[in-house]
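See structure below.
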Number of protein chains: 2
Amino acid sequence: MRYSKLFGKTEKKISADMVSASHKLLYKGGYIRESTAGRYYILPLGWRVFNKIIDIVRDEMNRAGAQEMVAPLLHPLELWKETNRTNEAGFELMQVKDRRGAEFALGGTAEEMFVDLIRKYQLSYKDLPLNLYQFSTKFRDELRARGGLLRVREFIMKDAYSFDIDEESFKKEYMKMWETYTRIFNRLGLETIAVESDNGYIGGEYCHEFVVESDAGESKFFVNDDKSYAAHEDVAIFRKDVKNADEEIKDMTEIEAVRGTTMEDGLKLHNLPIWQQLKDVMYVNEKGKFILALIRGDYDVNEVKLIHLTHSIELRHATPEEIRNDLTSEPGFISPVGIKAKLKEGVNLVIVSDDSLRTVKNMYGGSNKLNFDRLDMNIDRDYQVDVEGDIALTKEGYDCTKGGKLYARKGIEVGNIFQLGYHYTNLMKGAVYTDKDGKRKPYYMGCYGIGIGRTMATIVEKYHTENGIKWPETVAPFDTEIVILNMKDEARVAEAEKAYADMLGKGINVLLDDRNKSAGEKLMDADLIGANNVLKI
Amino acid sequence: MRYSKLFGKTEKKISADMVSASHKLLYKGGYIRESTAGRYYILPLGWRVFNKIIDIVRDEMNRAGAQEMVAPLLHPLELWKETNRTNEAGFELMQVKDRRGAEFALGGTAEEMFVDLIRKYQLSYKDLPLNLYQFSTKFRDELRARGGLLRVREFIMKDAYSFDIDEESFKKEYMKMWETYTRIFNRLGLETIAVESDNGYIGGEYCHEFVVESDAGESKFFVNDDKSYAAHEDVAIFRKDVKNADEEIKDMTEIEAVRGTTMEDGLKLHNLPIWQQLKDVMYVNEKGKFILALIRGDYDVNEVKLIHLTHSIELRHATPEEIRNDLTSEPGFISPVGIKAKLKEGVNLVIVSDDSLRTVKNMYGGSNKLNFDRLDMNIDRDYQVDVEGDIALTKEGYDCTKGGKLYARKGIEVGNIFQLGYHYTNLMKGAVYTDKDGKRKPYYMGCYGIGIGRTMATIVEKYHTENGIKWPETVAPFDTEIVILNMKDEARVAEAEKAYADMLGKGINVLLDDRNKSAGEKLMDADLIGANNVLKI
């Protein structure tokens, strides 16, 4: 390739919204150009890198026995209705009607499409396991795009869907994909950590993000000292220490408590440990149901965990008016004790407690009345809860369940693997195979994604200097760049042209900088775009 | 690949709507599967063929100096408004809004996107010519899908856009693409004819369809004896023979003519040649403007030509009521003579004549009154026309302007090349380069498309028997298929497995039929999917 003909020039100025190194350098190097916010042209230089990444992903997916194909990008909306995802994923799902009135979702992920495909066939256990994948454009109606290719609204993704006879067989596929992903990212020069994650609206029970540690990332997670534990902040757990669980249970009392409404106000007034204070947080979910989250005073509520435990889609804090009018309680003085007896008619309240309430006895807190507190409240004896589980927010320094302390980390999610189980095949009728015993059984599923553009940007985040990108050889757009230092020196130009022709003849992927620019500018551009082997002639 | 693991089984039954050979065989062979009408899954077998086609297209485009990149699939709608295409292409353009209210077109072709990209740069004449291309999904809101992959609503297209300094330079690019296309289709085993075509809503002045002759095609075109002329029926021209042009002009007269309303009725009554009869066809365009098309009685009106000549988007025939009420004329008795004086107030009429009216003198026809005809009408003397040009419909047997007769042919359009000229760069502000003289000038453009799926289907139309597909080697999904005839014969199975492993080791793309099926079934499937080299073990 002649640089004089290459479309996409290097740029010197950047705009103020370009914060991350990958955004700046990919823009300045002429790799990408924005169309509208979050939608990018991948320019010829960028597309060369894309294709190298795609080739490596394809190679490893094929080696793992997955089969490449392609599904339509417009998904019949009725499929998304079968799985109730028009609601759950509705916020970032784009929809379109054709002129005959048929409704479609612009695919943001393709579980329904692959389940719909496979149920058109009568497969048997002998056809399984089966793993189908595609490289295709995905659409997400993200509220905010940021960081160049790090968070976009339209992107090319490798998405794979596996179908197994049962969980045992699936787990082998899951581990195979885990290893495949590790190998893919290694070949791309990226060290990844498989981080336990929240499955969001994809469904299923467990999943892992493949994260590259980076301050430019949005994924916040915790690891322990030896990295035997890694989990996203949304799902991370920790060892809850036992406080006064052996203490004798005392009689509950109510006392006047003229105080403010914060935890600190309660602490000052009663002069008792913060962990002994009962923290009551009142939420309302998308159906208007009230949810009272109870937790030990030194912990905070993890709303993602609470959403899952209560099968909600989204939560908001209750307003002071709602707390007073609907619950007949008082902001800052909420208590589980007796609250259900005071509800206004028609009001629905679920009480959820963190399991840390089992580590503390004789707790203190509000009484559903202004300026009155209760002392020595105890779960079960004084109040009952509807749901009990882990709703605690993990923080740096807490003890890891697998030993050592927990450390907060940031990173970029370049891939993910999901256990889907029977989630989709139970919801979509006819997604069954014939087992050895002749019975029709639903497939046990998994899915596996890698964002190609985000992977490219992540490579840049890891491999760059202030002056430019330092591509790993496996993804560099060119093997070699020949820079003609002085275009007026005909002998050198001829020499460079000969070297260029020779390399092309040998099948070397070479860029010849034959532009009418100074040697200084050319070498700066070579640094910027990340030509690793520069031959100066 | 082991056939036992290959997803997408061969099918025996087909549905009644599968008419074309490619639809039947690609479905039966497990190459494609329909999602909804006109939207297909390309299964692993089909995707192998797709990729081989894509590789050949890419190879030849690169050889021609074009550069691959990728543009977003959602196009900002304002770009389509700049070129007025939300109206002109509106009927098959799908639109979507995101949750922030931004409007997008689902790309059906990408002229605006590439012009918008290039105007973000300050290019000079030294950067030109430039040809950018992509493989990407296109969306068309077709009213009717048919023939499997022959006419679909969503498809992968190679689309290229060229930018030149002027028409002279562009013509070289156009010819280069012409040759590139011929080479591409040759490598794919397809003989193409470059057929002059209508540019539809793409714009520009001339374009060519690359057509493979086939009864399964929708492209109707004419060729002359030596194929030095080939043109789509919409644009085909012919040599109009001169009739009585030397005859002396006679005085126009009006006579009673109690007759029906057809041309034949006029012929019978007057007993004069059909070519001497004046044919008057009244249309209404999308803006409500009346258009009177005049042509020699032995010819018919080509509505596509009429649309272009009158800058209309669509035409319909005027109703008898409109002819009587708005034009104060009479169906079957319309005449250009004096019609403009009789229009109802506010009615707008354009008179368009075919140039064949110069080949005939002393014509006969209606008088805008029931049962009265005029004899010896002559253009210019008796009536004036607003637009004169070629609006004649070409028919088989007519004389070709390049010699010989014209023959009607049918074929499949697998690619097209368009001169766009300044159409887009005049409409989209800032699409300019800096010329040698330092002046900013608009780019001179062309565009070039190849539908990958339709190309695959066309190959099947040309290469098949009743029993299956006969792929050209360049696109066959596998180089070789090994069929294990008897799965119970362990020695033969071991032999086949060894041959399979050997071939894989040599990098041969081989399919091993290790399914538990009879030899007969396996060989039938091998015929069906089109394995050219079958090794029976």
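The values are calculated or read from the model by the stated rules, or taken from the named source; none is laboratory data. These figures come from a predicted structure and were not determined experimentally. Glycine gets a Cβ as well: all are built from the backbone with ideal geometry, and neighbour counts include every protein chain shown. These area figures cover heavy atoms from the full protein model, side chains too; ligands, DNA and RNA do not enter into them. Shrake-Rupley method; radii C 1.70, N 1.55, O 1.52, S 1.80 Å.
List of remarks:
- For segment A:189-205, a residue qualifies if it is in a loop (DSSP other than H, G, I, E, B) and at pLDDT 70 or above, and the qualifying residues are A:189, A:190, A:191, A:192, A:197, A:198, A:199, A:205.
- Screening residue B:149 on (1) touching a helix residue (DSSP H, G or I) at 6+ places or on another chain (Cβ under 6 Å); (2) open to solvent by 10 Å² or more (accessible area, probe 1.4 Å); (3) not in a helix (DSSP H, G or I) shows it passes everything except condition (3).
- When the test is whether a residue is closer than 19 Å to residue B:458 by Cα and within 10 Å of chain A (Cβ to nearest Cβ), residue B:68 does not pass it.
- Of all the criteria given as (1) open to solvent by less than 10 Å² (accessible area, probe 1.4 Å); (2) more than 8 Å from chain B (Cβ to nearest Cβ); (3) not in a helix (DSSP H, G or I), the one not satisfied by residue A:41 is (2).
- Among the residues of segment B:71-87, those that are facing another protein chain (nearest Cβ under 7 Å) and over 23 Å from the mean Cα position of the chain (by Cα) comprise B:71, B:72, B:74, B:76.
- For the residues A:35, A:15, A:4, the requirement of being part of a loop (DSSP other than H, G, I, E, B), facing chain B (nearest Cβ under 8 Å) and among the hydroxyl-bearing types (Ser, Thr, Tyr) singles out A:4.
- Test: residue in segment A:53-63 that is open to solvent by 20 Å² or more (accessible area, probe 1.4 Å), touching a strand residue (DSSP E or B) at 6+ places or on another chain (Cβ under 9 Å) and at the interface with chain B (Cβ under 8 Å from one of its Cβ atoms): no
- Residue selected from segment A:463-509 under the condition under 13 Å from residue A:1 (Cβ atoms) and of a type outside the set (A, V, I, L, M, F, W, C), by the criterion farthest from the chain's Cα centre (by Cα): A:500
- Wholly within segment A:340-419, strands (runs of 3 or more DSSP E) carrying at least 2 residues that are open to solvent by less than 10 Å² (accessible area, probe 1.4 Å), in contact (Cβ under 8 Å) with a residue 40 or more places away in the chain and among the aliphatic types (A, V, I, L, M): A:349-354
- For beta carbons closer than 8 Å, sequence separation of 6+ or different chains, a first residue in segment A:133-154 that is more than 8 Å from chain B (Cβ to nearest Cβ) and closer than 14 Å to residue A:72 by Cβ and a second that is of a type in the set (Phe, Trp, Tyr) and open to solvent by 30 Å² or more (accessible area, probe 1.4 Å), the qualifying pairs are A:138/A:155.
- Test: residue in segment A:124-146 that is part of a helix (DSSP H, G or I) and among the aliphatic types (A, V, I, L, M): no
- Filter pass, residue A:127 being surrounded by 17 or more Cβ atoms within 10 Å (Cβ to Cβ), more than 10 Å from chain B (Cβ to nearest Cβ) and closer than 21 Å to residue A:170 by Cβ: no
- Test result for residue A:312, in contact with a Phe, Trp or Tyr (Cβ under 9 Å, 6 or more places away or on another chain), of a type in the set (Gly, Ala, Ser) and modelled with pLDDT of 95 or more: no
- Single residue of segment B:130-146 satisfying the filter (open to solvent by less than 10 Å² (accessible area, probe 1.4 Å) and of a type in the set (D, E, K, R)) that is nearest to residue B:441 (Cα to Cα): B:138
- Subset of segment A:99-112 that is part of a loop (DSSP other than H, G, I, E, B), open to solvent by 10 Å² or more (accessible area, probe 1.4 Å) and on the phi < 0 side of the Ramachandran plot - its residue that is nearest to the other protein chains (Cβ to nearest Cβ): A:99
- Residue A:220 vs. criteria part of a strand (DSSP E or B) and open to solvent by 40 Å² or more (accessible area, probe 1.4 Å): yes
- Boolean, residue A:74 is more than 21 Å from residue B:31 (Cα to Cα), without any contact (Cβ under 8 Å) to a residue 40 or more places away in the chain and crowded, with 24+ Cβ neighbours inside 10 Å: no
- Test: residue in segment A:73-93 that is at pLDDT 95 or above and part of a loop (DSSP other than H, G, I, E, B): yes
- Filtered residues of segment B:88-97 (kept if within 8 Å of another protein chain (Cβ to nearest Cβ) and buried (at least 21 other Cβ atoms within 10 Å of the Cβ)): B:94
- Single residue of segment B:315-334 satisfying the filter (in contact (Cβ under 8 Å) with a residue 40 or more places away in the chain and among the β-branched types (Val, Ile, Thr)) that is nearest to residue B:294 (Cα to Cα): B:334
- Output for segment B:152-184, where each listed residue is part of a helix (DSSP H, G or I) and open to solvent by less than 30 Å² (accessible area, probe 1.4 Å): B:169, B:170, B:173, B:174, B:177, B:180, B:181, B:184
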